[in-house]
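Inspection log for the structure reproduced underneath, given as structure tokens.
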Amino acid sequence: MPTVVANEIMRTLHRIHTQLSDLRTRIAAGPRQIAAYTAQVEAAEAGRTGVQADVKKAKMTTDQKQLQLKTAETKIRDLDGKLNACKTNREYQTLKEQIAADTMATKVLEDEILESLERVDSIKNTLPTVETAVEAARKVLGETKARVAAEGTHLETEVQRLRSELEATERELPADIRDLYDRAIKQKGEEGMAPLDGESCGGCYHQITGNMHSELLVGKVVMCRSCGRLLYLPERASSG
């Protein structure tokens, strides 16, 4: 095989494999991006659920305190109604002290209820923010899905085109070279080939022998003894 032709084929094969690898990486990135944005939506929804739960819990606390207040007020009215029925001053005084203590307790409950109502309002005020976060996350996810789907169609078309080009180029390889090439690609993928970099392998930078360089110059396929890559002359070297 002439030198120019051999190196041109190897360069073409390496280019196609590199492009295919890049396309596959980009295709695989799509589902990962969708998964990441899906996780963001789930996190935003979990945040909203947490706020809603906090509102519900704060309301329950308020309701419990209001019920306690009503119970305490009913008790005070009952005690107040018993004052006229007291037979002794001591009994009367005891009831008055109890009413005073219970009245003080209701004042504390009233303050706690006010604070609890303020807490409910405060938590509710955060709901618009978390709702906005959920909608924003969903919007980004939807846009990402649409973009990935559109890009995926284009990328798959490019993959098919490159595969056809690859098959056509591979048919140009002689049988003995094809065996070496197939083994290299099976083991290393697009890293199975590398251009010569001066006097060294362009993949692992291990220096080749003078005889190996000579073989490259006459169009033979040379395998790097260090990394197993198939070497070819870069365009500037083969054209010169």
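The values are calculated or read from the model by the stated rules, or taken from the named source; none is laboratory data. Owing to the predicted nature of the structure, the values given are computational and were not obtained by experimental measurement. Positions of Cβ are generated from backbone atoms using ideal geometry, with glycine treated the same way; all protein chains shown enter the neighbour counts.
Residue-wise test of (1) at negative phi; (2) in contact with a His (Cβ under 6 Å, 6 or more places away or on another chain); (3) of a type in the set (Val, Ile, Thr).
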{"site": "109", "(1), (2), (3)": "yes, no, no"}
{"site": "113", "(1), (2), (3)": "yes, no, yes"}
{"site": "116", "(1), (2), (3)": "yes, no, no"}
{"site": "121", "(1), (2), (3)": "yes, no, no"}
{"site": "136", "(1), (2), (3)": "yes, no, no"}
{"site": "162", "(1), (2), (3)": "yes, no, no"}
{"site": "193", "(1), (2), (3)": "yes, yes, no"}
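Listed residues 87, 59; which is assigned to a helix (DSSP H, G or I) and in the same structural domain as residue 29 (by TED's automatic domain parsing)? Of the residues listed, the single one that is assigned to a helix (DSSP H, G or I) and in the same structural domain as residue 29 (by TED's automatic domain parsing) is 59. For residue 121, the stated conditions hold: it is of a type outside the set (A, V, I, L, M, F, W, C) and exposed (fewer than 13 other Cβ atoms within 10 Å of the Cβ).
Being hydroxyl-bearing (Ser, Thr, Tyr) and under 30 Å from residue 34 (Cα atoms) is a property that residue 132 has.
Tell me, which helices (runs of 4 or more DSSP H) lie completely within the stretch 125-221 with 1 or more residues that are buried (at least 16 other Cβ atoms within 10 Å of the Cβ) and among the acidic types (Asp, Glu)? In the stretch 125-221, 127-170 are the helices (runs of 4 or more DSSP H) which contain 1 or more residues that are buried (at least 16 other Cβ atoms within 10 Å of the Cβ) and among the acidic types (Asp, Glu). Restricting attention to the stretch 19-34, the residues that are small (Gly, Ala, Ser) and exposed (fewer than 12 other Cβ atoms within 10 Å of the Cβ) total 1.
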